[in-house]
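Working notes for the structure below.
The values are calculated or read from the model by the stated rules, or taken from the named source; none is laboratory data. Note that the structure is predicted; figures quoted are calculated from it, not measured. Every residue, glycine as well, gets a Cβ built from its backbone with ideal geometry; the counts of neighbours run over all protein chains shown. When the accessible area is computed, the model is the full protein with side chains, heavy atoms only, and any ligands, DNA or RNA have been set aside. Shrake-Rupley method; radii C 1.70, N 1.55, O 1.52, S 1.80 Å.
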Amino acid sequence: MVDYVFERHLSGGILLPANKTSSTSLPIRRGFVPTKLVLALHQHRGNPAEPVVAVGERVLKGQTVAAASAAPSAAVHAGTSGWVRAIEERPVLGGHGVRPSLCIVIDSDGRDERVPAAAASDWPLDLAEQRDAIRAGGIVGLGGAVYPTADKLATPVPVQTLIVNGAECEPYISCDDMLMRENAAEIVSGTLILTDVLTAPRAIIAIERDKPQAMEAIEAAAQAADDARLKLAEVPTIYPAGGEKQLVELLTGEEVPSGRYPGEFGYVCQNVGTAYAVQRLRAQREPLVTRVVTVTGGGVKKPQNIEAPIGTPIAELIALCGGYNEGVTRLIAGGSMMGYALPDDETPLTKATNCIIAALADEVRTDMHEWPCIRCGDCAMVCPSRLLPQDLLVAATTSDFAALHTLGLQDCIECGCCDVICPSQIMLTERFRVAKRSVAARVPIPVTSPGQD
């Protein structure tokens with residue numbers, strides 16, 4: 001019998017249409033070999049990886065093409081065999097939309113020839129060496145944060161609970177749901193590997209209640225593992241229950257203070273995809289060369305989830321799904337709430353890309369007109385970080401950096417709840433994103449509406 005952890009009340013949040021059934025009707029498509037890869041060297045938080053291959057060199061699937069640099073960092077590997085065509089700057093998806101990054105461009109040779117795998121017994125016994133292996137394996141947080149996993153596992157205090165996040169609360173995204181349905185045993189095994197690395201006495205796999213098939217699969221795998229440290233939790237189907245700090249509070253009742261991180265209090269959160277990647281690294285010595293990505297939206301003919309090599313141009317994923325329907329208004333990387341619009345479909349898949357939405361006009365906001373704030377307070381009611389967005393808006397408009405700090409701008413998780421609820425249709429989240437960048441650069445915050453040129 002698997003023990004369950006019962007959640008507490010979630011502060012704020014909103015109920016949203018899931019829009020996930022169209023992409024969960026088919027199994028994960030696997031074995032896809034792209035014609036080329038564009039591998040960004042700065043596709044994780046922290047320091048970029050450093051190239052260790054040269055133009056003209058032939059590489060194999062799983063081969064390290066860029067080594068981890070000073071921590072925090074993670075290595076980058078080739079997702080198929082081919083020839084290094086170029087090492088040059090290309091636009092890739094970063095933390096605030098598309099940004100330039102040094103990239104290794106590989107032309108696939110179609111053979112998908114793999115680096116010979118080392119024996120599973122080569123996995124080190126020393127915990128520090130295990131973290132080094134995870135860093136060399138290129139593993140990062142696959143829920144969107146993309147912080148190098150090895151650095152997150154090096155906690156400043158003893159860990160009391162590992163939380164493996166399978167909530168996947170944002171609309172349209174279903175890659176974690178499908179991964180839990182199809183690879184539950186590997187996720188449970190990866191969870192226990194992470195528990196061992198952290199020497200944690202408890203691990204909780206948290207899944208939203210609207211994913212009964214995933215919960216059933218994970219529960220069966222957990223029962224088969226028969227490890228007393230492993231617990232399961234059903235969390236409410238409310239956005240953004242999957243936020244790191246929100247999930248810690250939901251499951252433990254402990255609020256992580258402003259400006260602090262869960263690791264400082266003995267809580268480490270990892271995504272189910274990360275646990276799966278760790279298991280593959282441990283069992284097969286396979287580095288992170290692919291990730292499951294949801295390709296969906298009314299603008300794509302056959303929505304589905306694909307296990308795709310990292311670096312695949314998005315155009316090839318769309319083609320694999322039957323191509324575009326007529327009337328695509330916007331191409332979005334990520335979910336409908338926290339995603340970023342893409343300039344074109346040549347942008348490559350990165351470790352952070354969990355979803356691609358080819359959106360029709362009725363799926364996105366096209367009217368950018370805003371009305372003045374009426375001080376209704378609805379935004380504060382739904383804010384999961386307990387902020388006052390209406391006051392943050394005033395401070396951002398006047399570039400009042402002191403007020404932004406006092407009001408907790410740094411604690412905004414950019415979830416978009418305030419945008420959805422605002423009766424004046426003010427694009428609050430984008431203003432707060434801009435304000436964060438301006439605060440970091442110590443430059444005045446632009447006062448132009450996000451909807452204006």
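Residues in the stretch 73-114 that are more than 30 Å from Arg437 (Cα to Cα), out of contact with any Ser or Thr (no Cβ under 7 Å at 6 or more places or on another chain) and among the acidic types (Asp, Glu): 1 in all. Scanning the stretch 343-353 for residues that are open to solvent by 20 Å² or more (accessible area, probe 1.4 Å) and closer than 20 Å to Lys302 by Cα turns up Asp344, Asp345, Glu346.
Selection of the stretch 13-72 for residues being among the small types (Gly, Ala, Ser), outside any loop (DSSP other than H, G, I, E, B) and either more than 19 Å from the chain's Cα centre (by Cα) or farther than 30 Å from Tyr239 by Cα (or both) yields Ser22, Ala40, Ala66, Ala67. For Tyr239, the conditions (1) aromatic (Phe, Trp, Tyr); (2) modelled with pLDDT of 95 or more; (3) within 29 Å of Ile356 (Cβ to Cβ) all hold with the exception of (2).
Conditions tested, residue by residue: (1) out of contact with any Leu (no Cβ under 8 Å at 6 or more places or on another chain); (2) without any contact (Cβ under 8 Å) to a residue 40 or more places away in the chain.
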| position | (1), (2) |
| --- | --- |
| Ile14 | yes, no |
| Thr24 | yes, no |
| Lys36 | yes, no |
| Leu41 | no, no |
| Asn47 | yes, yes |
| Gln63 | yes, no |
| Pro72 | yes, no |
| Thr80 | no, no |
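I'm trying to understand the selection: among the residues of the stretch 154-180, which are among the aliphatic types (A, V, I, L, M), at pLDDT below 95 and over 13 Å from the mean Cα position of the chain (by Cα)? Across the stretch 154-180, the qualifying residues are Ala154, Val157. Contact map, the stretch 168-186: first residue on the phi > 0 side of the Ramachandran plot and surrounded by 24 or more Cβ atoms within 10 Å (Cβ to Cβ), second residue at pLDDT 95 or above and among the aliphatic types (A, V, I, L, M), Cβ cut-off under 6 Å, separation 6 or more or different chains; pairs are Tyr172/Ile357. Within this structure, Val164 passes the test of being under 23 Å from Ile413 (Cβ atoms), open to solvent by less than 20 Å² (accessible area, probe 1.4 Å) and not in a loop (DSSP other than H, G, I, E, B).
All of (1) within 18 Å of the chain's Cα centre (by Cα); (2) open to solvent by 40 Å² or more (accessible area, probe 1.4 Å) hold for Pro257 with one exception: (1). Checked against (1) open to solvent by less than 10 Å² (accessible area, probe 1.4 Å); (2) more than 20 Å from Lys351 (Cβ to Cβ); (3) in contact with a Leu (Cβ under 9 Å, 6 or more places away or on another chain); (4) not aliphatic (A, V, I, L, M), Lys211 passes all but condition (3). Only one entry of Cys355, Cys379 meets the criterion of being over 19 Å from Ile173 (Cα atoms) and at pLDDT 95 or above, and that entry is Cys379. Within the stretch 197-224, the set of residues being farther than 12 Å from Val268 by Cα and either basic (Lys, Arg) or without any contact (Cβ under 8 Å) to a residue 40 or more places away in the chain (or both) comprises Arg209, Lys211, Pro212, Gln213, Met215, Glu216, Ala217, Ala220, Ala221, Ala224.
Based on what the data block shows, is Leu142 crowded, with 24+ Cβ neighbours inside 10 Å, aliphatic (A, V, I, L, M), in a loop (DSSP other than H, G, I, E, B) and in contact (Cβ under 8 Å) with a residue 60 or more places away in the chain? The answer is yes for Leu142. For the stretch 98-139, name all the residues that are of a type in the set (Gly, Ala, Ser) and surrounded by fewer than 22 Cβ atoms within 10 Å (Cβ to Cβ). Those that are of a type in the set (Gly, Ala, Ser) and surrounded by fewer than 22 Cβ atoms within 10 Å (Cβ to Cβ): Ser101, Ser108, Gly110, Ala117, Ala118, Ala119, Ala120, Ser121, Ala128, Ala133, Ala136.
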